[in-house]
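Each remark here refers to the structure printed beneath this line.
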Amino acid sequence: MRKQIVAGNWKMNKTFSEGIDLINQIIEKSSSVKDVQLIVAPPSILTNEAAKYLENKNIGLAGQNCANHSQGAYTGEVSAAMLKSAGANYVILGHSERRAFYHETDEKIREKIKLCLENNLRPIVCCGEVLKERENNEHFEIVAKQIKGMFEGISAEEFKNVIIAYEPVWAIGTGKTATPEQAQEIHQFIRETIKNSYGSEIANNLSILYGGSCKPSNAKELFTKPDVDGGLIGGASLNADDFIAIANSF
Ligand code: PGA
């Protein structure tokens, strides 16, 4: 059966020493977590050092983004191969902040997904609608379009390594969370969409994470829904106790 996953997206937070402190606190407190794959996504400057602490710890390590080119004259970018060589095994791709602030399109995200898969990195691929689209009842259409655009040309064999995160943009960092019913409805829709492209076995094995103001006080309700397989956690992942409490909410 599919894996339950709780991944912490630190975004652009923590200096080097603060980040290592947080990694160590998470490692220490993670012994209480059973049957849930924990993943941390620190800023890329911390990836390699975090990998040393996480060795043999059964906590995954993710990048927050990677370039849509394999190498070359792309000042400021970090490639999938670099993240892999630094010790990462996952990469968050297509986060709404990347789409909004760095003009990422589904096509660019698809290029990044390809590069991650070629480098044995599992992509955690984000989708989700903005508030206006939700208010206009367009969220199913928007998410379907994102999924189609991001996974076009990705084979079933490749897709087996994909994790999807549904993150309604109106819930990210706002304190507003989707209700468990709203989350379940769209997670089920995502699974159905994947089933239509890749078949039921792959769809049933796909972990679909919820993201957007997920915290210890609402994680339990969200995680009881059958198609919610965990969370992609922003703000609450910066506190080891909260992050671990979320992972213990299944
Ligand atoms: P949040 O962020 O938990 O702070 O809302 C979630 C995310 O952006 O992944």
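Annotations for the structure displayed:
- Highest mobility in the GNM of the chain, judged by mean-square fluctuation with C-alpha springs under 10 Å and restricted to Asn13, Asn161, Asn68, is found for Asn13.
- Relative to its residue count, the chain spans a Cα convex hull of 116 Å³ per residue.
- A Cβ-based charge dipole, computed about the Cα centre of the range 177-250 with Lys and Arg at +1 and Asp and Glu at -1, lands at about 40 debye.
- Amide H to amide H, with H built 1.01 Å from N, Gly128 comes under 5 Å of Glu167, counting only residues 5 or more places away or on other chains.
- Accessible surface ranking that places the most exposed of Thr47, Thr179, Thr174 first, with a 1.4 angstrom probe: Thr174, Thr179, Thr47
- Cα-based values for the range 104-227, radius of gyration first and Dmax second, are 14.2, 40 Å.
- Taking the charge dipole of the chain about its Cα centre, with +1 at Lys and Arg Cβ atoms and -1 at Asp and Glu Cβ atoms, the residue from Ala240, Ile109, Gln188 reaching farthest to the positive side is Ala240.
- In this structure the chain gives 46 Å² per residue of accessible area when probed at 1.4 Å with all protein chains present.
- Residue among Glu185, Glu201, Glu49 with the largest mean-square fluctuation in a Gaussian network model of the chain, springs linking Cα atoms under 10 Å: Glu201
- The range 121-192 and the range 1-75 have their alpha-carbon centroids 22 Å apart.
- When each of the peptides 39-46, 231-238, 191-198, 100-107 is scored by how many other beta carbons lie within 10 Å of its residues on average, the order from highest to lowest is 231-238, 39-46, 191-198, 100-107.
- Extension gain (nm, one decimal) between Thr15 and Ser155, 0.36 nm per residue minus Cα-Cα: 46.5 nm
- Zero-based 5 Å bins, Cα pair distances in the range 1-91, whole percents: 3, 14, 25, 24, 17, 10, 5, 2, 1
- Estimated from helices alone, the mean residue ellipticity of the chain at 222 nm is -12500 deg cm²/dmol (sum of -39500 (n - 2.57) over DSSP H runs with n ≥ 4, per residue).
- Too-long pairs where the Cα-Cα distance tops 31 Å, listed order kept, from Lys57/Lys195; Lys29/Lys132; Lys3/Lys145; Lys34/Lys108; Lys160/Lys220: Lys57/Lys195; Lys29/Lys132; Lys34/Lys108
- Of the solvent-accessible surface of the range 1-111, computed with a 1.4 Å probe and all protein chains present, 48% belongs to carbon and sulfur.
The values are calculated or read from the model by the stated rules, or taken from the named source; none is laboratory data. These numbers were taken from a predicted model, which means no experiment stands behind them. All Cβ positions, even for glycine, are placed from backbone atoms using ideal geometry, and neighbour counts span all protein chains on display. Each accessible area value is taken on the protein alone, full model and side chains, heavy atoms only, with ligands, DNA and RNA left out. Shrake-Rupley method; radii C 1.70, N 1.55, O 1.52, S 1.80 Å.
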